[in-house]
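Quick notes on the structure that follows.
The values are calculated or read from the model by the stated rules, or taken from the named source; none is laboratory data. Not measured: the values here are computed from a predicted model. Quick reminder, even Gly has a Cβ in these numbers, built from the backbone with ideal geometry, and neighbours come from all protein chains shown.
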Amino acid sequence: MTELLNTIATQKSQIEQALWEHLSLSFWALVIAMLIAIPLAVLLKNSRHAGEIVLQLAGVMQTIPSLALLGLLIPLVGIGSVPALIALVVYGIMPIYQNTYSGLRSVDPNLEEAATAFGLSRWKKLTRLELPMALPVILSGIRISLVMIIGTATLAALIGAGGLGTYIMLGINQNNNAYLIIGAGLSALLALLMSALLKYVGASKKHLKQGIVVATLALVGFGGWRGWSSFQSKSEPIVIAGKLGSEPDILIHMYKDLIVNDDPHAKVELKANFGGTSFLFRALRNDQIDIYPEFTGTVLQSLVHDQRSTPHDPVKTYQRARRLLKQEYDLTYLKPMKYQNGYDLAVTADFAKEHQLTRLSDLAKINDQITAGFDPDFANQKDGYLGLKSAYSLNFNQVKTMEPALRYQAIAAGRVNLVDGYTTDPQVRQYHLKVLKDDQHFFPPYQGAPLMKASFAKKHPQVVKSLNKLASKITEKDMQEMNYQVTVQHRKASQVAHEYLVEHHLIKK
């Protein structure tokens, strides 16, 4: 509980922003779903065959796994809020359409005949008889849809759309229960509150009118605020994004501080925990962001077309990555920092002392005693365990695959005695682990550096100059310590980043 309260106190503004993003995305998804589903049900209420076909199609769309739907949308509309909104609308349509269609068709035929006998037009019959009688059922469908949308919106964080899902992902990634409680708890609370609000609105005609007035004012107010904000904005901000985790968060805050320190009038917008490598790279190429930190080994193995083996020399790795990024995508890759955030293997200090382990090559003599806990990717890729087996003659007794956040828990609990990780992981210090030296230089270099479009670099030479101050700065020990402060001690990434820059005379206080 203390950890949860500390997290809420130190990240109040970020939590409020995530909550607003989640609420805004869910609200607009519900509005659009209603504007599609209700008129469609009204149009098809007298055509049983066509109405049932549309109902079946809506049902089929809802059976598509949400992650698969997001993946299908990314090549068409990119990443961010747009594909998330489309996916949520797709999931929100069926309950509203189904209940509206069923409610309208369940109106007593005798009342329909009476309304016709009194000479009511189709429009008046719809507005005075059919919709009022079907309203409780329609509102029930809207409530179901809203709860479903709010729950599914947590996945928006996977494609850079923000929301409370960001805290859920961080909680899983960093093994932080406070983040999980914040993300999942606020999402559930939001769903309950919105459901209760809709129940109140549907309790009487008076409440319904009040709800319509409030919703209209909210739409007008939000539209006016967005329009005024766009009008007031005289210059486009520099948008800097980061991957999931504490380290990218620290780096993008460093980027912002460096830029603003050299140009106090610069407008910089940060998108922390924006998504994975492929999402960020696509966002950069689609001008949705301007800068993000990327690692040399990742560039050569995942982003460019390079069939050659990755050099073990960090300088050659960076030079090849920079050349291919420029050649294939017209991107500018600035000078890298000193530290490397590459793969490593770690054991407990006691296990290392017992078996005299200091290097990866020492593991071959105790193959039959090793129970490893590996990330699924690391366990099955050539630059991971599959390659290590050949390079170091390894054949461990047992290899368990598990989510990255669970590896360190497993070795701390004694369920495994060897884990893969990254050289700057704060858990190495937290659990007092011993990182084994890669004495045959199997793992490729992973140095981080700012990545941007060449056109952006040409247009903003001062930004390039500011960011290049980090070249050859920050050691592995420095970054591991900063990650520890953010992940374990729950300090703000902005404060940790600022303190480092001031301490090393890269910016003024």
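Filter the stretch 62-85 down to the residues that are under 17 Å from Gly151 (Cβ atoms) and in contact with a helix residue (DSSP H, G or I) (Cβ under 6 Å, 6 or more places away or on another chain), then identify the one that is surrounded by the most Cβ atoms within 10 Å (Cβ to Cβ).
Ranking the candidates gives Ala84 first.
Please give the helices (runs of 4 or more DSSP H) falling wholly within the stretch 5-94 in which 1 or more residues are farther than 27 Å from Thr277 by Cβ. If you could, list the steps in order and put the result at the bottom.
Working: elements: 12-44, 48-63, 66-77.
Ranges flagged: 12-44, 48-63.
Test Gly297 against the stated conditions and say whether it is on the phi > 0 side of the Ramachandran plot and at pLDDT below 90.
Values: on the phi > 0 side of the Ramachandran plot: no; at pLDDT below 90: yes.
So Gly297 fails the test.
Say we look at the stretch 179-211 and pick out the residues that are of a type outside the set (D, E, K, R) and more than 33 Å from the chain's Cα centre (by Cα); which of these is nearest to Ala134 (Cα to Cα)? Full working, then the answer.
Taking the stretch 179-211 and keeping what is of a type outside the set (D, E, K, R), we get 179-198, 200-204, 207-208, 210-211.
In the following step, the residues that additionally are more than 33 Å from the chain's Cα centre (by Cα) were identified as 200-204, 207-208, 210.
Details: Tyr200: 17, Val201: 15, Gly202: 11, Ala203: 14, Ser204: 14, His207: 17, Leu208: 14, Gln210: 19 Å.
The extreme case among them is Gly202.
Does at least one position in the stretch 105-126 carry a residue that is acidic (Asp, Glu), touching a helix residue (DSSP H, G or I) at 6+ places or on another chain (Cβ under 9 Å) and buried (at least 20 other Cβ atoms within 10 Å of the Cβ)?
no
Can you tell which of Arg122, Arg128, Arg143 is closer than 24 Å to Gln56 by Cα and of a type in the set (Lys, Arg)?
Numbers: Arg122 fails: closer than 24 Å to Gln56 by Cα; Arg128 fails: closer than 24 Å to Gln56 by Cα.
Being closer than 24 Å to Gln56 by Cα and of a type in the set (Lys, Arg) holds for just one of Arg122, Arg128, Arg143, which is Arg143.
What residue, among those in the stretch 331-348 that are more than 26 Å from the chain's Cα centre (by Cα) and in a loop (DSSP other than H, G, I, E, B), is farthest from Glu247 (Cα to Cα)? Steps first, please.
Within the stretch 331-348, the first condition is being more than 26 Å from the chain's Cα centre (by Cα), and the residues that meet it are 335, 338, 345-348.
From the residues that got through so far, the ones that are in a loop (DSSP other than H, G, I, E, B) too are 335, 338.
Values: Lys335: 18, Lys338: 14 Å.
That would be Lys335.
So which residues in the stretch 361-392 are assigned to a helix (DSSP H, G or I) and either under 21 Å from Glu403 (Cα atoms) or in contact with a Lys or Arg (Cβ under 6 Å, 6 or more places away or on another chain) (or both), if there are any at all?
Filtering the stretch 361-392 for residues assigned to a helix (DSSP H, G or I) gives 361-369, 376-380, 385-392.
Hits for the stretch 361-392 are Pro376, Asp377, Phe378, Ala379, Asn380, Tyr385, Leu386, Gly387, Leu388.
Being in contact with a Phe, Trp or Tyr (Cβ under 9 Å, 6 or more places away or on another chain) and either under 24 Å from Gly183 (Cβ atoms) or of a type outside the set (Gly, Ala, Ser) (or both): is that true of Ile86 here? Working first, answer last.
Details: in contact with a Phe, Trp or Tyr (Cβ under 9 Å, 6 or more places away or on another chain): no; either under 24 Å from Gly183 (Cβ atoms) or of a type outside the set (Gly, Ala, Ser) (or both): yes.
No, not satisfied.
What pairs come up if the first residue lies in the stretch 190-208 and is part of a helix (DSSP H, G or I), the second is modelled with pLDDT of 80 or more and of a type in the set (Ser, Thr, Tyr), and their beta carbons are under 6 Å apart, counting only those six or more places apart or on different chains?
Note: pairs meeting the criteria are His207/Tyr200.
When you go through (1) in the same structural domain as Ala266 (by TED's automatic domain parsing); (2) touching a residue at least 24 places away in the same chain (Cβ under 8 Å) one by one for Gln495, which number turns out not to apply?
The failed condition is (2).
Could you tell me which residue of the stretch 350-377 is surrounded by the fewest Cβ atoms within 10 Å (Cβ to Cβ), considering only residues that are touching a strand residue (DSSP E or B) at 6+ places or on another chain (Cβ under 7 Å) and farther than 19 Å from Asp439 by Cβ?
From the stretch 350-377, those touching a strand residue (DSSP E or B) at 6+ places or on another chain (Cβ under 7 Å) are 352, 357-360, 370-376; that's our starting set.
Imposing the further condition that a residue be farther than 19 Å from Asp439 by Cβ reduces the set to 371, 373-376.
On the way: Thr371: 16, Gly373: 24, Phe374: 23, Asp375: 21, Pro376: 12.
Among those that are touching a strand residue (DSSP E or B) at 6+ places or on another chain (Cβ under 7 Å) and farther than 19 Å from Asp439 by Cβ, it is Pro376.
Could you check, for the stretch 464-473, whether at least one of its residues is at pLDDT below 90 and of a type in the set (S, T, N, Q)?
Looking only at the stretch 464-473, we keep the residues that are at pLDDT below 90, and these are none.
Checking the stretch 464-473: not a single residue is at pLDDT below 90 and of a type in the set (S, T, N, Q).
Can you name every residue in the stretch 4-49 that is among the charged types (D, E, K, R) and in contact with a helix residue (DSSP H, G or I) (Cβ under 6 Å, 6 or more places away or on another chain)?
The first filter runs over the stretch 4-49 and keeps only residues among the charged types (D, E, K, R), leaving 12, 16, 21, 45, 48.
Result: Lys45, single match.
So Gly151 ticks every box in (1) surrounded by fewer than 20 Cβ atoms within 10 Å (Cβ to Cβ); (2) more than 25 Å from Arg105 (Cα to Cα); (3) more than 17 Å from the chain's Cα centre (by Cα) but one. Which box is left unticked?
All conditions are met except number (3).
Answer yes or no: is there a residue in the stretch 394-403 that is in contact with a Pro (Cβ under 6 Å, 6 or more places away or on another chain) and in a strand (DSSP E or B). Walk me through how you get there before you give the answer.
From the stretch 394-403, those in contact with a Pro (Cβ under 6 Å, 6 or more places away or on another chain) are 401; that's our starting set.
In the following step, the residues that additionally are in a strand (DSSP E or B) were identified as 401.
Yes, because at least one residue in the stretch 394-403 is in contact with a Pro (Cβ under 6 Å, 6 or more places away or on another chain) and in a strand (DSSP E or B).
Name the residues in the stretch 474-489 that are part of a loop (DSSP other than H, G, I, E, B), surrounded by fewer than 17 Cβ atoms within 10 Å (Cβ to Cβ) and not polar (S, T, N, Q), would you? Reasoning before the result, please.
Initially, the stretch 474-489 is screened for residues part of a loop (DSSP other than H, G, I, E, B), giving 474-475, 488-489.
So of that shortlist, the ones also surrounded by fewer than 17 Cβ atoms within 10 Å (Cβ to Cβ) come out as 475, 488-489.
Hit for the stretch 474-489 is Val488, nothing else.
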